[in-house]
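A short worksheet on the structure shown next.
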Amino acid sequence: MKKLSTLWISALICAVLGSGLCGQPVRAQSAAGSTATSGAISSETCPTLLNRTVKKLQDESDQSLCQYAGKVVLVVNTASYCGFTDQYKGLEELYSKYQDKGLVVLGFPSNDFAQEPDDNKKIADFCYNTYGVKFPMFTKTSVVGAHADPLYAALAEATGKRPGWNFFKYLLDRKGNVVASFPSPVGPNDRKFVAEIEKLLAAS
């Protein structure tokens, strides 16, 4: 009876003050929930190619590639002991120059061509200390063959081309579509390569 009486009194107060006040706690909780998830890219809006999780090179923590949705994405398989390793410098310069305009470079070290034997920590130290790499890098990844990472399998399927060596490049537009691929000798400063990036950055 006491409980029913309390509920009756609460209902009477709501009737007098207005039902909107009684619903405030629920709405406040809902608003807080939406605020916590604002800006997040859901799996429904994330492009298929980016809708996957990989591990960050520095600490092997999970990273969703959906965070790069809406950007022009350059995917590169890298190696520390390759004739093209100096491209790290050009890639970092490219990233630094166009980052604010929407470019992101994603580096995936790979030992598929027997030129990346080090562990993830050594690779991270090498990239930063030698070339000042600040663009996102991820843990050692297989990019070709039966054990190719799902991202690289999808990139190969979309383009019909697989990396033939280290520093092979895939370029994605802001909608997450692969628009071009470039073989290893095409460096980050190549005019046609840079022109393609600038064209994609200019597109809405």
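The values are calculated or read from the model by the stated rules, or taken from the named source; none is laboratory data. As the structure is a computational prediction, the values presented were derived from the model and not from experiment. When we count neighbours, we look across all protein chains shown, and the Cβ atoms used for this are built from the backbone with ideal geometry, even at glycine.
What the table below lists for this structure:
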quantity: Residues satisfying the stated conditions in the stretch 51-94, i.e. assigned to a strand (DSSP E or B), touching a Gly at 6+ places or on another chain (Cβ under 7 Å) and aliphatic (A, V, I, L, M); calculated: Val72, Val76
quantity: Filter result for the condition that a residue is basic (Lys, Arg), in the same structural domain as Leu74 (by TED's automatic domain parsing) and in a helix (DSSP H, G or I), over Lys192, Lys140; calculated: Lys192
quantity: All positions within the stretch 143-164 that are in contact with a Lys or Arg (Cβ under 8 Å, 6 or more places away or on another chain) and outside any loop (DSSP other than H, G, I, E, B); calculated: Pro150, Leu151, Tyr152, Ala156
quantity: Near pairs, Cβ below 6 angstrom, 6+ apart or cross-chain, from the stretch 70-92 (surrounded by fewer than 18 Cβ atoms within 10 Å (Cβ to Cβ)) to any residue that is in a helix (DSSP H, G or I); calculated: Lys89/Tyr131
quantity: Test for Lys175: is it farther than 18 Å from Gly107 by Cβ, among the charged types (D, E, K, R) and free of Cβ contacts under 8 Å to residues at least 60 places away in the same chain; calculated: no
quantity: Hey, Val179 farther than 26 Å from Gln115 by Cβ, of a type outside the set (Phe, Trp, Tyr) and not in a helix (DSSP H, G or I) or not; calculated: yes
